[in-house]
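The values are calculated or read from the model by the stated rules, or taken from the named source; none is laboratory data. No experiment lies behind these values; they were computed from the predicted model shown. Here the Cβ positions follow ideal geometry from the backbone for every residue, glycine too, while neighbour counts run over all protein chains shown. Surface areas here come from the heavy atoms of the whole protein model, side chains and all, with no ligands, DNA or RNA. Shrake-Rupley method; radii C 1.70, N 1.55, O 1.52, S 1.80 Å.
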Amino acid sequence: MTEFDDIYRRSLDEPEAFWAEAAGQVHWHHPYDSVFDDSLSPRYSWFPGGRLNTCYNALDIHVENGRGAQTALIYDSPVTHTVRSYSYEHLLEKTACFAGVLKAQGVRAGDRIIIYMPMIPETVIAMLACARIGAVHSVVFGGFAARELATRIDDAEPLIILTASCGIDGDKIIPYKPLLDEAISLAKHSPLRCIVFQRPEVRASLADERDLDWSECLTKAVPAGCVPVTSTDPLYILYTSGTTGIPKGVVRDNGGHLVALQWSMKNIYDLDAGDVYWAASDVGWVVGHSYIVYGPLFRGCTTILYEGKPVGTPDPGAFWRVVSEHKVNVLFTAPTAFRAIKREDPEGQLIGNYDLTSLRSLFLAGERCDTDTLGWATEKLKIPVIDHWWQTETGWPVGANCLGLGMRPIKPGSCAKAVPGYDIRVLDDEGTEVAPNAIGNVVIKLPLPPGCLPTLWQNDHGFQTTYLDTYPGYYLTADAGYKDEDDYLFIMSRTDDIINVAGHRLSTGGMEEVLSSHPDVAECAIVGIADELKGEIPCGFVVLSAGVTREIDLILAELIQLVRNEIGPVASFKLATGVQRLPKTRSGKILRGTIKKIADGETYRVPATIDDPDILNEITQSLASLGYPKNQVSPLR
Ligand code: COA
Ligand code: AMP
């Protein structure tokens, strides 16, 4: 048994002792009554009775321990030509003042605050300010459209919405305020106030007394202190795609989250106070919550907030520039970012222009890392490249090579082993564990460790039916995969309708709902097809209603625009084709898997249950007109 194996076994055999030890790394205003409460099984709570404050553990504690002058946050924004650093002391001061602004508006512990903001320091300050006074934040990614924002407003019912006048994505400036105004007009719930941070690139118009200017509010702010909350109180809600157009509000508690992230920073990423950590993601995603904001600050690291792209801001050397300029020790991003860099600089020539000696490891997540990208990154950077797997729901890695517990051999295509605290099993459809190397449903035996979602916002029933009912006693990840004979985990695909586009999780069901709302559409299917850069992209197959005589190209263009307007540009929905019928089984199930195989150029078997095999020829021709597959297809009959 290695040290890792010992620790892993202990985490499962003695979870209370294991997590009590981890909880010792956290500052509690009041100790917890027990580590773990299973009286409401299968719903569990961690550290009930404990009182603590997340912001205190992210900022105040470091200042009190003499690290106030250390850099907490570096804002690096090639799109605005800005690099700005905040020490722990400075970030604390800014956060306390903004917490005062929120308090002055009547915000109390438990109130919800939506943060629809770009990658600027004010966003981090806003999140921490909410945590400081016990308010529950819900950050909405800037690439979502007004309707998606409206859905979240109605679900979270925020007292206040925080926004900025614009986001900047590469060379595009996206005014946020019109999107917010539209979302509020679509939503049933009205926030009391919107506080708007004005960026110099665009000035937002502030309509009436509902809208306040961020900087003006700050002039009158009285700094606010930390409000201790109970461990099980929600810290944030983060919406993620579910199997319908309705997003799921993943709830994160305060205590379990703090303990788990603190543990992960050392044991998974091998980081200590003073190290520089860069998660090149967006605060709108879980990676941004856990590893741009909370994890690095809990650990006393310096975190990088990068408002740029891997390419084009200004070139594919951007990541290397940031690493060398800020002496980054650990980098975390999605494989798609590396594919983008590799596409523009295949030989990695720009790497040679920078001193990357500070960089110890690269972590990749968000999608399965293809072996080409893994090989390229390893060869060019000559450091461990770790693919690790997790979800918005878990909040921190489930499968990883835990560097802090000793590096294990890397098997390309695998996210290595279950992280301590997670008991991962692979089950067949009947719920029986499968043999090594056999693919099945990846589940986690309950209880989930601290940090994972305790429920969905205002939707205990949805939590139960989505995650717990399929295999009693297990949490359903909705990922399919296998474990090999060494217990290495290979995550292969989703078992639901979720696709992964440039590391972004999207529901094809949600997109189909949008297409179906078009008056000319009788039926449709969206399939995620392989894309060299983004991993997957959505492709729409549309059957027009009888009697529609308008130009199909015109209708397809309208559909593409509709998805952009209703879901947002992040959906990357740019491929659609008209077909006479959709291939279905005799019982009426659309054969999305077969369409995907044709599009991806994989050998496919004509399903025995198909109602009319000739439809597949039409699908093949339609895809050919779009330039797919990129490889040769061969049907097996
Ligand atoms: N606000 C508004 N619009 C946004 C946005 C934001 N914050 N982020 C993205 N968009 C828009 C983009 O401008 C683009 O719009 P377009 O269709 O008009 O071009 C669209 O949403 C799709 O964006 P994206 O998926 O980022 O594609 P891209 O072609 O602009 O860039 C990559 C491709 C691979 C470079 C980019 O996706 C990337 O850097 N990915 C890193 C992955 C990542 O951070 N994943 C998070 C999980 S770890
Ligand atoms: P999100 O909730 O947006 O983080 O997306 C989570 C989903 O992304 C997972 O359920 C997987 O389907 C996929 N995913 C994330 N990381 C990996 C990985 N390293 N390997 C395989 N799939 C991954």
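Taking θ = phi - 60°, what integer Hz values does the Karplus form 6.51 cos²θ - 1.76 cosθ + 1.60 yield along the stretch 425-438, in sequence order, with x for Gly and Pro?
Couplings: 10, 10, 10, 7, 5, 8, x, 9, 5, 8, 6, x, 6, 8 Hz.
Compare the peptides 208-219, 288-299, 324-335 by average per-residue count of other Cβ atoms within 10 angstrom and give them in order, highest first. Numbers along the way, then the final one.
Values: 208-219: 13.5, 288-299: 26.8, 324-335: 21.4.
Top to bottom by mean Cβ count within 10 Å: 288-299, 324-335, 208-219.
For Lys103, go through the lysines and keep the ones whose alpha-carbon is under 21 Å away, minus same-chain ones fewer than eight residues off.
Within the straight-line cut-off, Lys103 pairs with Lys94, Lys220.
Quick one: net charge of Glu532's neighbours, Cβ under 11 Å, K/R +1, D/E -1?
Numbers: positive: Arg339, Lys342, Arg343, Lys534, Lys630; negative: Asp370, Asp372, Asp531, Glu536.
Result for the neighbourhood of Glu532: +1.
What are the ³J(HN,Hα) values, in whole Hz, obtained from phi via the Karplus relation 6.51 cos²θ - 1.76 cosθ + 1.60 with θ = phi - 60°, for each residue of the stretch 105-120 in sequence order, with x given for Gly and Pro?
8, x, 6, 10, 3, x, 5, 9, 10, 8, 10, 10, 9, x, 7, 10
Enumerate the amide H contacts of Ser45 below 5 Å, restricted to partners 5 or more residues apart or on another chain; note that Pro and chain-start residues carry no placed amide H.
Amide H neighbours of Ser45: Asp37.
Ignoring ligands, DNA and RNA, what percent of the accessible area of the stretch 506-636 is carbon or sulfur (1.4 Å)? Intermediate results must be reported in sequence, preceding the final value.
Details: 3040 of 6130 Å².
Of all accessible area on the stretch 506-636, carbon and sulfur atoms account for 50 percent.
What is the local net charge at Gly510, summed over the other residues whose Cβ is closer than 12 Å to its Cβ (Lys, Arg +1; Asp, Glu -1)?
Net of charged neighbours comes to -3.
Tell me, what is the percent relative contact order of the stretch 506-636, built from C-alpha pairs under 8 Å that lie six or more residues apart? If you can, show how the numbers build up before the last one.
On the way: 207 pairs, mean separation 28.0, N = 131.
Normalised by residue count, the contact order of the stretch 506-636 is 21 percent.
Cα-based Rg (one decimal) and Dmax (whole number) for the stretch 263-358, in Å?
13.3, 37
In Å², and per residue, what accessible area does the chain have when probed at 1.4 Å with the other protein chains present?
On a per-residue basis, the chain sits at 38 Å².
What do you get when you divide the Cα radius of gyration of the chain by 2.2 N^0.38 Å, with N the number of residues? Provide the component values of the computation, followed by the final result.
Values: Rg = 24.2 Å, N = 637, 2.2 N^0.38 = 25.6 Å.
Rg over 2.2 N^0.38 Å, computed on Cα atoms: 0.95.
In whole Hz, with x marking every Gly and Pro, tabulate ³J(HN,Hα) for the stretch 540-557 from phi via Karplus 6.51 cos²θ - 1.76 cosθ + 1.60, θ = phi - 60°.
x, 10, 10, 9, 7, 5, 4, x, 6, 10, 5, 3, 4, 4, 5, 5, 4, 5
Give the aspartates and glutamates reachable from Lys584 as a straight Cα distance under 14 Å; neighbours fewer than 8 places away on the same chain don't count.
Glu523, Asp611, Asp612, Asp614, Glu618
In deg cm²/dmol and to the nearest 500, what is the mean residue ellipticity at 222 nm of the chain if only DSSP H runs of at least 4 residues count, each as -39500 (n - 2.57), divided by the residue total?
Details: 18 runs with 177 residues, N = 637.
Value at 222 nm, helices only: -8000 deg cm²/dmol.
Over the stretch 88-227, what relative contact order in percent results from Cα pairs under 8 Å that are six or more residues apart?
29 percent
I'd like the distance separating the alpha-carbon centroids of the stretch 364-439 and the stretch 205-241, in whole Å.
36 Å
Step through the table entries Lys342/Lys597; Lys188/Lys445; Lys177/Lys266, compare each Cα-Cα distance with 29 Å, and write down the pairs that go over it.
The pairs that break the limit, which is 29 Å between Cα atoms, are Lys188/Lys445; Lys177/Lys266.
Under 15 Å Cα to Cα from Lys172, which aspartates and glutamates show up? Leave out anything in the same chain fewer than 8 places away.
Once the sequence-local aspartates and glutamates are set aside, what remains near Lys172 is Glu201, Glu307.
What is the set of long-range amide H partners of Glu523 at a cut-off below 5 Å, with H atoms built 1.01 Å from backbone N?
Under 5 Å from the amide H of Glu523 lie the amide H atoms of Val543, each far enough along the sequence or on another chain.
At 1.4 Å probe size, with the rest of the protein present, what percent of the exposed accessible area of the stretch 88-227 is carbon and sulfur atoms? Walk me through the intermediate numbers first.
Working: 2630 of 5080 Å².
Heavy-atom surface of the stretch 88-227 belonging to carbon and sulfur, 1.4 Å probe: 52 percent.
Just to confirm my numbers, what's the Cα centroid distance between the stretch 590-605 and the stretch 4-64 in Å?
Spelled out, the Cα-based centre of one part sits 46 Å from the other.
Ranked highest first by the average count of other Cβ atoms within 10 Å around their residues, in what order do 134-142, 458-466, 418-426 fall?
134-142, 418-426, 458-466
Which order do the peptides 43-49, 63-69 take when ranked by the mean count of other beta-carbon atoms within 10 Å per residue, highest first? Working shown, then result.
On the way: 43-49: 21.1, 63-69: 14.1.
Listed from highest to lowest mean packing, they are 43-49, 63-69.
Can you give the net charge of the other residues whose Cβ lies under 13 Å from the Cβ of Asp486, counting K and R as +1 and D and E as -1? Provide the component values of the computation, followed by the final result.
Values: positive: Arg408, Lys411, Lys417, Lys483; negative: Asp5, Asp484, Glu485, Asp487.
Net local charge, Asp486 excluded: 0.
At 7 Å along the Cα-to-beta-carbon direction for both Arg581 and Lys445, put a label point, then send me their distance in nm to one decimal.
So the two model labels end up 4.9 nm from each other.
Would you work out the relative contact order for the chain, in percent, from Cα pairs under 8 angstrom that are 6 or more residues apart?
After rounding, I find 12 percent.
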